[in-house]
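Trainee: Take this structure, written in structure tokens, and hold onto it; I'll ask about it next.
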Amino acid sequence: METRSTLFEEYPVLEDELIVIRRMTDDDADALAKMCADKDVYRYVPTFLYELKYEDKHEVIAKMDEECFQTKESLLLGVYLKETGAFTGIAEFYAYEPERRKCSMGLRLMKEYWGMKIASHAEPLMIDYLLHKANMRVITGHVMQENKASAAAALKSGFEKRYTDILEDWGFDEPVLIDKYIIKVEAS
């Protein structure tokens, strides 16, 4: 029996005792602008990410549904502290291949939230959602080799480092060396 992917049927709300991952609102624009302006946050990620497309972050949030979700290009969600509601970063699902039930995921956090175990909470929520709600069979993560913290978080979350030393165009002057991490479940 063929199981259909449901990734783009609705915006999910994922949560545990520390964080909530949900659709961003216009109220998040100032925090998003602050995160986007931090070169430390963006030194290990592609230069062409959606949140960098428009200078005005209100416009980014306003167009996110139309340009990302409805076109099935990507699903960008805000990551918030459950206790305070503070915006801490972006959880992203991208490179969606419904026929293969495959998707990539990424996480970007504001610098002031680094080291607070947010990735240790967000990544398992994202993985659980992709495997058990969106019916994915393969989840990938592309991590720049210099980004040791993201590599450690991926391994801790259950990814296996499957491919190493891959050159990818992330929009920098030169291609970057990445490792590809994978979670794969048997066909069902």
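Throughout, read-outs are computed from the coordinates displayed, never taken from laboratory work. Quick caveat, the model's predicted, so the values are computed rather than measured. Counting neighbours? That spans all protein chains shown, and the Cβs are built from the backbone with ideal geometry, glycine included.
Trainee: Given points 7 Å out from each Cα along the Cα-Cβ axis, report the T25 to S120 separation in nanometres with one decimal.
Mentor: About 3.1 nm, to one decimal.
Trainee: What list of ³J(HN,Hα) values in whole Hz, one per residue of segment 68-84 in order, does the Karplus curve 6.51 cos²θ - 1.76 cosθ + 1.60 (θ = phi - 60°) give from phi, with Gly and Pro shown as x?
Mentor: Values, residue by residue: 10, 5, 5, 8, 6, 6, 6, 10, 10, 10, x, 10, 10, 5, 5, 5, 10 Hz.
Trainee: At 0.36 nm per residue, and after removing the present C-alpha to C-alpha distance, how many nm does the segment from L52 to E9 gain when stretched out fully?
Mentor: Extending this stretch completely gives an extra 13.0 nm.
Trainee: Can you tell me, using C-alpha contacts under 8 Å and at least 6 residues apart, the relative contact order of segment 14-184 as a whole percent? Working shown, then result.
Mentor: On the way: 284 pairs, mean separation 35.2, N = 171.
It comes to 21 percent, rounded to a whole number.
Trainee: Okay, next question. Can you tell me how segment 114-161 classifies by the Cα gyration tensor, rounded, prolate or oblate, using a/c under 1.5 as the rounded cut?
Mentor: oblate
Trainee: Go through 160-172, 99-111 and give me the packing order, highest mean Cβ count within 10 Å leading.
Mentor: My ranking of the peptides, most packed first, is 99-111, 160-172.
Trainee: How much length, in nm to one decimal, is gained on full extension between E174 and D40, taken as 0.36 nm per residue of separation minus their Cα-Cα distance?
Mentor: That works out to 46.4 nm of additional length.
Trainee: Return a single number: how many Lys pairs in segment 90-188, at a sequence separation of 8 or more or on separate chains, have alpha-carbon atoms below 27 angstrom apart.
Mentor: Lysine pairs, 8 or more places apart or on different chains, close enough: 29.
Trainee: In terms of modelled amide H atoms, which long-range or inter-chain residues lie less than 5 Å from the amide H of K82?
Mentor: I19, V20
Trainee: Quick one: 3J(HN,Hα) in Hz for segment 123-133, Karplus 6.51/-1.76/1.60 with θ = phi - 60°, rounded, Gly and Pro as x.
Mentor: Using θ = phi - 60°, the values come out as 4, x, 5, 5, 5, 4, 4, 5, 6, 9, 10 Hz.
Trainee: Can you tell me the convex hull volume per residue for the chain, based on C-alpha atoms, in Å³ to the nearest whole number?
Mentor: Output value, Cα hull per residue: 117 Å³.
Trainee: Something else now. Tell me the net charge near A149. Cut-off is 13 Å between Cβ atoms, A149 excluded, with +1 for each Lys or Arg and -1 for each Asp or Glu. If you can, show how the numbers build up before the last one.
Mentor: Values: positive: R43, R108, K111, K117, K148, K156; negative: D40, E123, E146.
Local net charge: +3.
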